[in-house]
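To keep things clear, I will list the structure first and then write my remarks on it.
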Amino acid sequence: MNAIEARALLFSAVEPGSVFWSREIEALGVMEVVQKIRGNGYSDGKHERTLSVIKNANPESILDSIRAVDALFITPESADWPISVSDLSTPPIGLVIKGNASALSSSSIAIVGTRNPTNYGVRIAGEFASGFADREWAVISGGAYGIDSAAHKGALIAEGITIAVLATGVDIHYPAGNARLFAEITEIGALVSEVMPGVHAIPARFLTRNRLIAAISRATVVVEAAFRSGSLRTARDAAELMRPVMAIPGPITSPTSEGCHRLIGERSAEVVTSVADAMEFVSAFR
């Protein structure tokens, strides 16, 4: 068994963002962790399901199931691995990529926000994405309705690269209405997932997905977000990684801008009102 096969076994069984398994892999290495599991070196307990899957799974079958959906499994040993994810306290064991894996090596910026935006938010997200794409930056978002979709579409209209980081398998069209958008993204960009094909979303996976968006990107822009929003979690994750965080101000009466105003008020994000402002702010972090 080689390192990629060992990672495939762990990837198929370990829930993304697991603190315990991240520490084990960091301390022992993937080969040693798999050997320890198969040698009954861990007590079952709360890890019973994970241990059972790894003991009984065939790594080549796992890799075949990824190839069957026209996807690629990349690991830290791969040339296309985004090294910036190593900054995470719980880095991914591997990533499933559908589309252009080399897109992850592009300079990139995340655009995130509410699933229920105003027309203002949709327009701003699209315009910012197009502006970044014109400057040859990849645009990263989460593939959801609302600001995410507007950002992906803005980059595509500008014939730029966009990457959707998903909370499901790359073959699961979630949300279903974005199936065509996902197909367009894979033509020059990529769909990225930290779970196996066929795996559906659960609430916790959206939060662990957000940390990947923050880690892969050089910076994060929040366009519209409610006072309590998953987009704010992405912004916090980016700040913890010492990545620049920016927020677009909106009307003071708009609930969809309360999260942006909260970040600005807490001095957790820089106010930006144009792509030029954003690029200038990001360049100061180089």
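The values are calculated or read from the model by the stated rules, or taken from the named source; none is laboratory data. All values reported here derive from a predicted model rather than from experimental measurement. In this analysis, Cβ positions are derived from the backbone assuming ideal geometry, glycine residues included, and neighbour counts consider all displayed protein chains.
Here are the numbers for this structure:
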{"quantity": "Residue match in the stretch 154-170 (condition: within 19 Å of P244 (Cβ to Cβ), in contact (Cβ under 8 Å) with a residue 40 or more places away in the chain and in contact with a helix residue (DSSP H, G or I) (Cβ under 8 Å, 6 or more places away or on another chain))", "calculated": "yes"}
{"quantity": "Filter pass, I161 being in the same structural domain as R115 (by TED's automatic domain parsing), at pLDDT 95 or above and closer than 25 Å to A235 by Cα", "calculated": "yes"}
{"quantity": "Every residue from the stretch 221-241 that is over 21 Å from N119 (Cα atoms), in contact (Cβ under 8 Å) with a residue 40 or more places away in the chain and surrounded by 20 or more Cβ atoms within 10 Å (Cβ to Cβ)", "calculated": "T234, A235, A238"}
{"quantity": "Sole exception among (1) surrounded by fewer than 24 Cβ atoms within 10 Å (Cβ to Cβ); (2) more than 24 Å from S257 (Cβ to Cβ) for A138, by number", "calculated": "(1)"}
{"quantity": "Which listed residue is in the same structural domain as I109 (by TED's automatic domain parsing), over 25 Å from L212 (Cβ atoms) and surrounded by fewer than 23 Cβ atoms within 10 Å (Cβ to Cβ), from P251, P244", "calculated": "P251"}
{"quantity": "Counted residues, the stretch 235-286 - those being touching a Lys or Arg at 6+ places or on another chain (Cβ under 8 Å) and farther than 17 Å from G126 by Cα", "calculated": "7"}
{"quantity": "3 or more residues touching a helix residue (DSSP H, G or I) at 6+ places or on another chain (Cβ under 6 Å) and hydrophobic (A, V, I, L, M, F, W, C): qualifying helices (runs of 4 or more DSSP H) within the stretch 1-108", "calculated": "3-13, 30-38, 48-56"}
{"quantity": "Index of the failed condition, S149 passing every other in (1) surrounded by fewer than 24 Cβ atoms within 10 Å (Cβ to Cβ); (2) in contact (Cβ under 8 Å) with a residue 60 or more places away in the chain; (3) under 21 Å from A215 (Cα atoms)", "calculated": "(2)"}
{"quantity": "Selection count, the stretch 145-190, where residues are aliphatic (A, V, I, L, M), closer than 18 Å to I109 by Cα and out of contact with any Pro (no Cβ under 8 Å at 6 or more places or on another chain)", "calculated": "13"}
{"quantity": "From the options I185, I172, I157, residue that is out of contact with any strand residue (DSSP E or B) (no Cβ under 8 Å at 6 or more places or on another chain) and among the aliphatic types (A, V, I, L, M)", "calculated": "I157"}
{"quantity": "Any pair with Cβ under 6 angstrom, 6 or more apart, that starts in the stretch 31-57 at a residue that is closer than 13 Å to E15 by Cα and ends at one that is small (G, A, S) and surrounded by 13 or more Cβ atoms within 10 Å (Cβ to Cβ)", "calculated": "T50/A13; V53/A13; I54/A13"}
{"quantity": "Residues (over 15 Å from G230 (Cβ atoms) and among the polar types (S, T, N, Q)) located in the stretch 105-148", "calculated": "S105, S106, S107, S108, T118, N119, S130"}
{"quantity": "Any hit, the stretch 41-61, residues being of a type in the set (V, I, T), under 19 Å from A138 (Cβ atoms) and in contact with a Phe, Trp or Tyr (Cβ under 9 Å, 6 or more places away or on another chain)", "calculated": "no"}
